[in-house]
Amino acid sequence: FQQWGAAQTKLPCILLLLNITWKPARQNNSHPLSHIYKKNHDITKTRKGKTDQLLRVDDHDFTMRPAFGGPAIPVGVDVQVESLDSISEVDMDFTMTLYLRHYWKDERLSFPSITNKSMTFDGRLVKKIWVPDVFFVHSKRSFIHDTTTDNIMLRVFPDGHVLYSMRITVTAMCNMDFSRFPLDSQTCSLELESYAYTDEDLMLYWKNGNESLKTDEKISLSQFLIQKFHTTSRLAFYSSTGWYNRLYINFTLHRHIFFFLLQTYFPATLMVMLSWVSFWIDRRAVPARVSLGITTVLTMSTIITGVNASMPRVSYIKAVDIYLWVSFVFVFLSVLEYAAVNYLTTVQERKERKLREKFPCTCGIPNTKTMMLDGTYSESDVNSLAGYTRSQIVIEEEKQNKMVIHLAMSNDSNSSRKRGLKGHVGLRIIQNTHAIDKYSRIIFPGTYIFFNLIYWSVFC
């Protein structure tokens, strides 16, 4: 027990000695360790809620806009167009993917910083602070990309300036005029506006004027040539809520014509030219000419139906309608032309049949004379017929374009009868209906060429 008591009296002395020797060493090494700690300091490893406390999110009411009750807060906007995805004539809309950025100042988000560097956050902080309520006017569908996470970026500067960026795909309405389709140009607009705040609370403007809109040089469309992008702004009035600042992204599209030349204009022109082939086919070849005419008419109907199926049901006439329907009329007239030729041929044959029945054959009559007429006759031919009686004329068809007239000369004909018949011919020459085909070979192509000259000079 005496030894244990002596040890207890010595233990405090030993601990005191160790404390005195360790303290200077710890004080001497405190400076370099603290320097290393400050250099590699990571605030994310400190206690939870450090960012919220730095921005003082919980200390303010972010349901109200900055400087509530004061002048309108200016919100700058710039846009970078990533792609123009599609243009739909049937739905009269377009789809665009873009980066939408907002710039404003909220002093409630200011924080102390020695380096004056900004802090960048993702979309989780957006739900805790005030952001502009910009929406797309006349939009049908829109969404923020979320692969692999929400494509939202929030950057806060020490003085309270905020950059808010989103990657959005929007489908918006575009009022198109198809009166010159497919030789047309369309101008579409994407409109941005604050949904709740009027111009007295929020002033929406293009941050850098015309330089606020950036486009990718690789943007292209299969059917359109993108001519230019430009920005405008104006006030929009709603009778129930008031005036709002509205921003416009305008772009002009010029349609490529080559596709429609191959798919519409060339086939229609070829069908019209094919219908002219019937003018060179024999008028008695009824199956050939009828089938050719019906085929061209049905083909033109198919072309017209195919073009209208890919277009909206507008109540006015388009340029392509004029061309197709005029071509259809030319094809239809070629069918009517053969109908007229066939009818006149039938009438001619009926009259010739009646002439054969009225005037019997003069076979065996002496002094028979034969004359070849080609549908026309001169005064000398008329005079040469004066010595023949009407009962002595018999007409027989020998060829398509010629008629054979057998004249039986009477031996007891006198000069008085010749003088009585001079100037009056009892022969009626039936004109050849094949002349209609001859005229059609010139009139149809000439008229169609003249129509094309006017059409392309007006619409091109």
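Shown in residue order for the stretch 314-320 are the 3J(HN,Hα) couplings computed by the Karplus curve 6.51 cos²θ - 1.76 cosθ + 1.60 at θ = phi - 60°: 8, 9, 10, 8, 9, 4, 5 Hz (x for Gly and Pro). Within the stretch 155-237, the trypsin sites (Lys or Arg not before Pro) that combine a DSSP coil assignment with at most 12 other C-beta atoms in a 10 angstrom radius are 218.
Just need the relative contact order of the stretch 108-164 here, percent rounded to a whole number, with Cα pairs under 8 Å and 6+ apart. Please list the in-between numbers first.
Working: 61 pairs, mean separation 32.1, N = 57.
Reported relative contact order: 56 percent.
Computing FRET efficiency as 1/(1 + (r/R0)^6) for residue 138 and residue 227, where r is the C-beta to C-beta distance and R0 is 25 Å, gives about 0.70.
So which GluC sites (Glu not before Pro) in the stretch 169-228 pass both tests, a DSSP loop state and at most 16 other Cβ atoms within 10 Å of the Cβ?
Details: sites: 191, 193, 200, 211, 217; in loops: 200, 217.
Qualifying residues, ordered by number: 200, 217.
Available extension along the chain between residue 210 and residue 342 is 40.5 nm, counting 0.36 nm per residue and deducting the alpha carbon span. Among the listed pairs 127/207; 128/214; 228/318; 140/228, those whose Cα-Cα separation exceeds 27 Å are 128/214. Using the Cα centre of the stretch 209-290 as origin and beta-carbon charges of +1 (Lys, Arg) and -1 (Asp, Glu), tell me which of 229, 241, 213 is placed farthest towards the positive end of the dipole. The one lying farthest along the dipole's positive direction is 241. Each residue of the stretch 118-131 was assigned a 3J(HN,Hα) from its phi angle through the Karplus curve 6.51 cos²θ - 1.76 cosθ + 1.60 (θ = phi - 60°); the sequence is 7, 10, 10, 10, 9, x, 5, 7, 4, 6, 9, 10, 7, 9 Hz, with glycine and proline shown as x. Applying 0.36 nm per residue to the separation of residue 127 and residue 310 and subtracting their alpha-carbon distance, the gain on full extension is 61.5 nm.
What separates the Cα centres of the stretch 189-211 and the stretch 265-296 is a distance of 62 Å. Note on residue 163 and residue 263: their simple-model spin labels are 4.3 nm apart, each label 7 Å out from Cα toward Cβ.
A short reminder: the numbers here are calculations on the coordinates, not readings from a lab. For clarity, every value in this text was computed on a predicted model and none was experimentally measured. With ideal geometry, Cβ positions are generated from the backbone for all residues, glycine too; neighbour counts draw on all protein chains shown.
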